[in-house]
Amino acid sequence: MISKHDIIQNAKDMVGARHDTSADASLSRLLNQILVSESEGHSWHKLRRVMEVDLSESSSDLGEEGVWLPGNLAGVDAVQDSSTGEFFTRRDTSAYDMGERGMKRYSVHTPSQTPLFWSDDCMVMKGADTFTCPTLGSENYTGEWVRFGSEPGVYQLTAAATFTPKYWGDDQAQGSIVVRPESTRKLSVHDGERLKTSGKVKVYYWEYHHPMYRDSDMLLFPNPRYVVLLMMRESVGTLSRRDRNALNNELDFHRKESLRLNPHFQVPSHPRDRIGNTFNPADVQHVSRRDGRPSAQGIRVTYTEPTL
């Protein structure tokens, strides 16, 4: 791993400005913007997490059903039934076609919504895990996620005005606070035509890379060179076509190297029948039919945990 200090220094070395400190703040902002965009693009091994979701907590906000997911969630790798171990099939919508009537599936979507709470009289200081907000009053949103000002990170409330992890951005004496930001997503799980509103599922997901504010903060992506090259492409001025092509080629190489170094999320794969039910061919019992050909009777399916 590499620290934020070394990333900034490497980026400055590439443009011949190692001892110029005037660009440090803008490079730090650029670095955090890149961390957000790259987090959204791929399931990175060191950002993977697993949580159990109680489907009985499903709600229908603005007509969109499902369970709220963590505010720092960048994407979902898999959803597994906690009791049976069966994995649900990913679909981008809760709607189904006739060929999926028996299929157990899930969808992740961003509801059209306004934040749960917003105010512009919040005060939060660097290194703190508490904030003050007169407009909030006695409201308590413990468990929800919040964003402060235009900073890239989100934080989970552990009490009415306490959060985790600590905030290391710039001091905000009169900044904004958003509870349950607009980008927060919902999970809907369907068993055939029916929305599941009972039972529990395991959600295998990856989160956004934490903002890098302190010099000692460590990069969790596998290839630091790729991040430095992205910073260089965004920060340098006009390049000749030859230099631009050379930079893009090097970026393409290091992007592929990042993916090669990143372990692939492994979900056990099971064959499915024509209506979407899974089965294990090794457990199929055969009997003779009238025409002498084998026929399946009885199916037993076993499941294993995925490899994070």
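Coordinate-derived values only; no laboratory data. Everything numeric in this text was worked out from a predicted model, so none of it was measured. Using ideal geometry, Cβ is built from the backbone for each residue, glycine included, and neighbour counts are taken over all protein chains shown.
Using R0 = 41 Å, the C-beta based FRET efficiency linking E257 and S138 works out to 0.20.
Peptide packing: for 43-51, 70-78, 135-143, the average count of neighbouring Cβ atoms within 10 Å per residue gives the ranking 70-78, 43-51, 135-143, highest mean first. Starting from the 7 Å offset along Cα-to-Cβ, what nm value, one decimal, do you get for the label separation of T197 and K46? Here the modelled spin labels are 4.3 nm apart. Remark: for residue pairs K104/K200; K4/K166; K104/K186; K126/K186; K4/K46, the C-alpha separation exceeds 19 Å in K126/K186. In percent, rounded to a whole number, the relative contact order of region 1-142 is 11, using alpha-carbon pairs under 8 Å and six or more apart. At full extension, D92 and R29 could sit 19.5 nm farther apart than now, given 0.36 nm per residue minus the alpha carbon distance.
With the simple spin-label model, which puts each label point 7 Å out from Cα in the Cβ direction, the A159 to K126 separation comes to 2.6 nm.
Under a plain spin-label model, where a point goes 7 Å from the Cα along Cα-to-Cβ, how far apart in nm are D243 and K166? Between D243 and K166, the label points sit 4.1 nm apart.
For R49, nonlocal amide neighbours, meaning residues 5 or more places apart or on other chains whose placed amide H falls under 5 Å from its own, are Y205, W206, E207.
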